[in-house]
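Note sheet for the following structure.
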Amino acid sequence: SYELTQPPSVSVSPGQTATITCSGERLGYRFTNWYQQKTGQPPMVIIYEDGVRPSGIPARFSASSFGNTATLTIAGTPPTDEAIYFCQVWDSSTAVFGGGTKLTVL
Amino acid sequence: GHLVESGGGLVRPGGSLRLSCADSGFTLTAEWMHWVRQVPGKTLVWVSRINVDETTRTYADSVKGRFTISRDNARRTVDLQMSSLTVDDTAVYYCVREYCSGASCYFDLWGQGTLVTVSS
């Protein structure tokens, strides 16, 4: 079965740029989606199709994918972006999630 | 659209539970509806999906043969019947809508989740 690997945690200072990676075999050949989950809330899509932001998602969120790695970038990270971020792809019509990355803003 | 799950609770190993997801808008005319679970503090795990006319149902290997997904488009509900539950099924269960834009599909609407605890 297909697997996605994310770093368990990333720290960033307020106002700086946060980068979260997601790795999988030939990941660049699949579309990667990214979800943000704040404490006590369900996940929310912030990026789909590798780098498209749904309506209402701030422009500070961007993403790209190439080779075996997809990357989520948050520019000028505010404290309110502290959350867990998951990447997700489809494998034989089933959804596969990465292990999640806890973003700490301090 | 607004999804609301119900039916979670405490159940003993080997027991059964039926989860239900109700739609307050027009969400459940969506082609595909899914259940995704999450052990608190852990990652998300896809469980099952069903298409709009119930002709295709797919399950994760870990629940195949024990869980059954169904939907009632007239009542705008999606259910997950769970049986032969084990402690490994303990999780928050989310009802999720799949949305497709062109060639890309993603989960665009999530319920708040319902907690299932399997314990003796």
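Brief remarks follow.
- Solvent-free Debye calculation, one equal scatterer per alpha-carbon of chain A: log10 I(q)/I(0) at 0.24 Å⁻¹ equals -1.39.
- Normalised convex hull volume, segment B:7-52, alpha-carbon set, Å³ per residue: 116
- Using a Förster distance of 22 Å, the FRET efficiency for B:THR68-B:SER6 (Cβ separation, nearest 0.05): 0.80
- Counted by Cβ distance under 15 Å from A:ALA75, the other residues give a net charge of +1, where Lys and Arg count +1 and Asp and Glu count -1.
- The lysines within cross-link reach of A:LYS102, meaning a Cα-to-Cα straight distance under 27 Å and a gap of 8 or more places when in the same chain, are A:LYS38, B:LYS42.
- Taken along the Cα-to-beta-carbon direction at a fixed 7 Å, the label points for A:GLU25 and B:ARG57 span 3.1 nm.
- Whole-number percent relative contact order across segment A:2-106, with pairs defined as alpha carbons under 8 Å at least 6 apart: 38
- Once divided by 2.2 N^0.38 Å, the Cα radius of gyration of the protein assembly as shown becomes 1.01.
- Inverse of mean 1/r across different Cα pairs in chain B, Kirkwood, Å: 14.3
- In Hz, Karplus ³J(HN,Hα) per residue of segment B:50-57 (6.51, -1.76, 1.60; θ = phi - 60°; x = Gly, Pro): 8, 8, 5, 9, 6, 7, 10, 10
Readers should treat all values here as calculations from the given coordinates under stated rules, not as data from a laboratory. This one's a predicted model, so the numbers in the text were calculated from it and none came from an experiment. Note: ideal-geometry Cβ built from the backbone for every residue, glycine included; neighbour counts use all protein chains shown.
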